[in-house]
Amino acid sequence: MDIISFYGNIIKKNVQTNPNLSSGLIKFGLTLEEKRTRLFPDKNLPPSLQYLNTICVKYILEPLKNPNRSAFVNLFAPTEILQAMKVYPLFVEGFSSFLSGLQCEETFINIEEASGLGETLCSYHKAFLGAIESKVLPKPLFSTASSIICDANINTFRYAASKYNIPFYSIDIPYEYSKDAEIYVIDQLKELIEFMEDLLGEPLNYELLKEIIDRENRSKKLLKEHYKELKYKYFPNTLTMEMYKLFASHVSIGREETLKFYEMLLEDVKNSPNCDKNTKRIFWVHLLPFYHKTLRDYFNFSSDYQILTCDLNFDYMEEMDISNPLASLSKKMIYNQYNGMFQRKIDNILEMYKSLNADGVINFCQWGCKQSSGGVQLLKNALAKENIPFISIDGDGIDRRNSSSGQIKTRLEAFLEMWQNF
């Protein structure tokens, strides 16, 4: 038994009898991990990804250590506003991923299922709700989420808020853009700001919000330049690091540390070697099951199969108007590639696939995510028309019990063998 598994077992044994101890162990474990990644970084990673490793642990620790200045959020919440109000967002899908990293996710999922909340929910939400049911998660100030991608988000966050007796603000995003839709979302953002101002007893600093959006613009510009360089470069990557980039591209976009990461990322890719002609360049769609041994063995630091990026990390890349921050945030959410018709996502994937000089696509159908499973055939058909090698893998992003290792290994190896001869 390795040290992480041993530590995770201690957390699991105390969840229901001593939740405060389990909560403390989670925070202590993450604190040690933040120090370890900072003082003893993984030498296989380029400096930018070493830095990302550290700041992402920091980003999840901040709300856990400062619950009275934190909020539950989903991936598509307008966290720029939270940053401007100096509120730490607890990214619940990210928190559940860390539970999986500590190898204790199944205990929290079992608690959620035993409570009768539902066995067919997304595993990320089940683990989060299990932490709510067991009171392992500290009580935050409030909860907020948008309806982008998954309407189930709203019910999860509403239930968590009722369980902890905290206020909840949901943001409804129209299916398509129109001027009326933009104004509709702006009005909701204004209500969210008023809602937060009442809770905190402090006004929003709009100048600070503009600074945050300016850093977001600069970060996206750097990411675009990184992708241009990546078209011909070999850049080492792992399943975990690509998932960590969701912190940088979403809930922590606009932070100074995130901007520094993107500066380092561009510098690193510029100094990277050109890609070997025999290396297969992978474009990944949807989530990455970072715990899965077969996938780690094939893709982590691999010179044979390079993971270029995940489509979630470039779902909105347009420059935002600093002078009108709420309108910019409204457009960002409505125009998100995951909002509206699935064809929008397909078009974005095809554009990035070609611009990155990719060789094939791997789609991961995350259990419980109806959006990913429902659109896979549409994506497969679109890629087939372009003669693009494609495989869709069914599994679970965090729950080890819910992925068939043998089936994934067999299907993946058959695809890779076919791909080599494509």
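Read-outs: derived from the displayed coordinates by stated rules, not from any lab. Just so it is clear, the model here is predicted, and its values are computed rather than measured. Counting neighbours? That spans all protein chains shown, and the Cβs are built from the backbone with ideal geometry, glycine included.
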Limited to the range 78-117, what total is found for residues that are more than 18 Å from the chain's Cα centre (by Cα), closer than 21 Å to Asn165 by Cα and of a type outside the set (Val, Ile, Thr)? 5
Can you find a residue that is touching a Phe, Trp or Tyr at 6+ places or on another chain (Cβ under 8 Å) and outside any helix (DSSP H, G or I) anywhere in the range 59-69? yes
In the range 242-270, what residues are touching a strand residue (DSSP E or B) at 6+ places or on another chain (Cβ under 9 Å) and of a type outside the set (Gly, Ala, Ser)? Glu242, Met243, Lys245, Leu246, Phe247, His250, Val251, Val269, Lys270
Cross-chain or 6+ apart pairs with Cβ under 7 Å, the range 328-347 first and closer than 18 Å to Ile362 by Cα, then hydrophobic (A, V, I, L, M, F, W, C): Tyr338/Ile148; Tyr338/Ile149; Phe342/Leu378; Ile346/Leu378; Ile346/Leu379; Ile346/Ala382
Result of the Cβ filter at 7 Å on the range 190-205, keeping first residues that are of a type in the set (D, E, K, R) and partners that are part of a helix (DSSP H, G or I) and buried (at least 16 other Cβ atoms within 10 Å of the Cβ), at least 6 apart or interchain, is Lys190/Leu326
For the range 384-402, what are the residues that are under 25 Å from Ser100 (Cβ atoms) and either in contact with a His (Cβ under 6 Å, 6 or more places away or on another chain) or part of a strand (DSSP E or B) (or both)? Ile391, Ser392, Ile393, Asp394, Gly395
Do we find that Asp172 is among the charged types (D, E, K, R), under 19 Å from Met341 (Cβ atoms) and out of contact with any helix residue (DSSP H, G or I) (no Cβ under 8 Å at 6 or more places or on another chain) in this structure? no
When you scan the range 220-304 for helices (runs of 4 or more DSSP H) that lie fully inside it, which ones turn up with 1 or more residues that are hydroxyl-bearing (Ser, Thr, Tyr) and buried (at least 21 other Cβ atoms within 10 Å of the Cβ)? 239-246, 256-270
So how many residues does the range 96-121 have that are surrounded by fewer than 24 Cβ atoms within 10 Å (Cβ to Cβ) and hydrophobic (A, V, I, L, M, F, W, C)? 6
Selection count where residues are of a type in the set (Ser, Thr, Tyr) and either free of Cβ contacts under 8 Å to residues at least 40 places away in the same chain or touching a His at 6+ places or on another chain (Cβ under 7 Å) (or both), scope the range 15-66: 4
Tally, over the range 8-33, of residues that are over 17 Å from Ser96 (Cα atoms) and part of a helix (DSSP H, G or I): 6
Exactly one of Lys163, Lys126 is over 26 Å from Met333 (Cβ atoms), among the basic types (Lys, Arg) and either in contact with a helix residue (DSSP H, G or I) (Cβ under 7 Å, 6 or more places away or on another chain) or not in a helix (DSSP H, G or I) (or both), and that residue is Lys163
Being farther than 18 Å from Asp42 by Cβ and in contact (Cβ under 8 Å) with a residue 40 or more places away in the chain narrows it down to one of Lys245, Lys210, so name that one. Lys210
Residues of the range 392-422 being more than 22 Å from Lys277 (Cβ to Cβ), of a type in the set (A, V, I, L, M, F, W, C) and in contact (Cβ under 8 Å) with a residue 12 or more places away in the chain, which ones? Ile393, Ile398, Ile408, Leu412
Residue pairs qualifying under the 6 Å Cβ cut-off, at least six apart or on distinct chains, with the first in the range 266-287 being more than 12 Å from Asn237 (Cα to Cα) and touching a residue at least 12 places away in the same chain (Cβ under 8 Å) and the second being assigned to a helix (DSSP H, G or I) and among the charged types (D, E, K, R), are Leu266/Glu225; Lys270/Glu229; Val285/Asp311
